[in-house]
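Below is one structure; the comments refer to it alone.
The values are calculated or read from the model by the stated rules, or taken from the named source; none is laboratory data. Please read all numbers here as calculations on a predicted model, not as lab measurements. A quick note on method: Cβ atoms are made from the backbone with ideal geometry, for glycine too, and the neighbour counts reach across all protein chains shown.
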Amino acid sequence: MDQHTAEPANSNTSAPAPGSLGANEAIWRYLFMHMNEGCVLSEAISDETGRLCDLRYLQVNEAFERHTGVKGADVIGCRANEVFPDVEAIWPERYGQALATGQPQHFEAKIASIGRWLEVSIYRMQPGHFATIFHDISDRKRAEEALKESEAWLRAVLDNSRDCIHVLDPGTQQYLFVSPSVAETTGFTAEEIMKMGFNGVSEHIDPEDRAAVMAQQRRVAAGEDAGEPVEYRWKARNGQWRWLSTSRGLVRDRQGRSAALVGVTRDITEQRLVEEKLRENKVQRSLANQIMVVEERERRRLAVDMHDGLGQILSLARMKLGAMAQQPQREARKQQFCELAGLIDKALHQARTLTFELSPPVLHELGLGPACEWLAEEMAQRYGLKVNVQCQGPIGALQEQIAIVVFRAVRELVINVAKHARVGQVRVRLWQQEGTLQVEVKDNGAGFDLNNADEGRSGKPGGGGFGLFSIRERLQHVSGVMDIRSQPGRGTTVILTVPCAVPRTDSNCSNSDGPDFSGGQI
């Protein structure tokens, strides 16, 4: 066979049996043509100085096309630089070394013209001739590149995460990795933490919290569920105590053995401070509820004293004056008695008015609905405002503080209508729904722009003196909310939503050593 042409191969031909020299050559040719790796037999081409400058392909096997994508028949007799132009410098270097030393050369290289990576082995068969065996490793190289890219992304995440990520050897209790963010939380660098090991790090944990941290680590190392993250206090380098939260997980090797403990630690100091502030606010709100109830009871006491004391004295004085006026006497003296009686009548009216304003008895004796109807009569007499009260269904018993807050809110809203809405009537509608009391106060008056008004849905003080901020604050004390809907010239609708009962807590429940602040029902 001519050395510059590929001998056609029949893939269905069976391997020849060994024996004669010709048979052995046929065996090697069979193996050459049917091996999985690509194989090229080539000869060296040298320049005028005797330096290797190119190769000429003499024979290629069937796998050549599979690994390069180039047909074997198209390359026989061609120069390598013609088939694969712009190859990397490593190719002529390695062929030159094989030619000069006779030592096999092994390397990996990419051929840009076909976009493939090849793993190559070069053998000098005889002076000036080579056998090159190779196979396509492009898939492996792409996987390696993807892995490198993934590792780069992971490294970027680990290096830039605000949470501290750490990997611990469960056997040695030494850290295998600690993310750089640990310095911001603890004041110690990642290298310093790794030198400490877990035992050194645990010495910075508050003694009261150390047992919980150790217990979590033991559970994870044993393959048990770690449960919720453990929260504990940790003394930083500057001596300050920080609140930390750590979650841990177990990583196993291919044999299922414990390989590492991976942990994520987050600084929750600010969160704990906010939670503590919220707890303080909750206590303050509970105290405000108690003060409101005490204030209302004091109002009732003053109202009762005024009614039973001052009111009865004035009534008795009025009766005596009336009796004296009926007795025969001078006309001038009779006129004086009548004037005194008028003054006492006025004092009685004001005393009754103050009694109802301090604490309307009807609210405590009959409930919120009748109290709103009494308020309607009061608004008609004082402001000439018609208040239409509608109770949709029965209004069940309410806790005392709920009834007080809602009644005073309704009273404030109705007075706002009388003073600012420039309208002659307003509707007050009450109903209960799914454990809440709903109260709607609606008018068709002037209205206002929620976006431009000082007081709108924002709950900020102001609102043209409407007093809505104080109403919202009182409602919050009993877990209530207020929704305001208004447009200029189209009236205002205010909806109050409060629970029918305020949940009892340790801070607002009654006890035998003090007054009952929990609130009764009315």
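List of remarks:
- Region 357-472 holds helices (runs of 4 or more DSSP H) entirely within its bounds, and those carrying 1 or more residues that are hydroxyl-bearing (Ser, Thr, Tyr) and modelled with pLDDT of 85 or more map to 368-383.
- The residues of region 154-203 that are of a type outside the set (Gly, Ala, Ser), under 15 Å from residue 244 (Cα atoms) and either touching a His at 6+ places or on another chain (Cβ under 7 Å) or surrounded by fewer than 16 Cβ atoms within 10 Å (Cβ to Cβ) (or both), listed by number, are 162, 184, 203.
- Yes/no for residue 133 being touching a Phe, Trp or Tyr at 6+ places or on another chain (Cβ under 7 Å), in contact (Cβ under 8 Å) with a residue 12 or more places away in the chain and not small (Gly, Ala, Ser): no
- Boolean, residue 405 is touching a His at 6+ places or on another chain (Cβ under 8 Å) and buried (at least 17 other Cβ atoms within 10 Å of the Cβ): yes
- Among residues of region 204-217, those that are farther than 17 Å from residue 259 by Cβ and either out of contact with any strand residue (DSSP E or B) (no Cβ under 6 Å at 6 or more places or on another chain) or without any contact (Cβ under 8 Å) to a residue 12 or more places away in the chain (or both), counted: 6
- Filter pass, residue 37 being in contact (Cβ under 8 Å) with a residue 60 or more places away in the chain, buried (at least 16 other Cβ atoms within 10 Å of the Cβ) and acidic (Asp, Glu): yes
- Enumeration of residues in region 477-499 that are of a type in the set (Ser, Thr, Tyr) and closer than 16 Å to residue 440 by Cα: 486, 492, 493, 497
- Any hit, region 91-113, residues being out of contact with any strand residue (DSSP E or B) (no Cβ under 9 Å at 6 or more places or on another chain), within 30 Å of residue 229 (Cα to Cα) and at pLDDT below 90: no
- Scanning region 13-62 for residues that are assigned to a loop (DSSP other than H, G, I, E, B) and at pLDDT 80 or above yields 35, 36, 37, 47, 48, 49, 50, 51, 61, 62.
- Within region 96-119, being among the polar types (S, T, N, Q) and either outside the structural domain of residue 41 (by TED's automatic domain parsing) or under 18 Å from residue 85 (Cα atoms) (or both) holds for one residue alone: 113.
- Residue in region 213-259 that is surrounded by the most Cβ atoms within 10 Å (Cβ to Cβ), counting only those that are of a type in the set (Ser, Thr, Tyr) and closer than 15 Å to residue 164 by Cβ: 232
- Restricting attention to region 74-87 and to residues that are within 60 Å of the chain's Cα centre (by Cα) and exposed (fewer than 13 other Cβ atoms within 10 Å of the Cβ), the residue that is modelled with the highest pLDDT turns out to be 85.
- As a summary of the residue check, residue 327 satisfies the conditions (1) modelled with pLDDT of 65 or more; (2) on the phi < 0 side of the Ramachandran plot except for the one numbered (1).
- Per-region count, region 240-274, residues over 20 Å from residue 184 (Cβ atoms) and part of a loop (DSSP other than H, G, I, E, B): 5
- Residue 147 vs. criteria outside the structural domain of residue 251 (by TED's automatic domain parsing) and of a type in the set (A, V, I, L, M, F, W, C): yes
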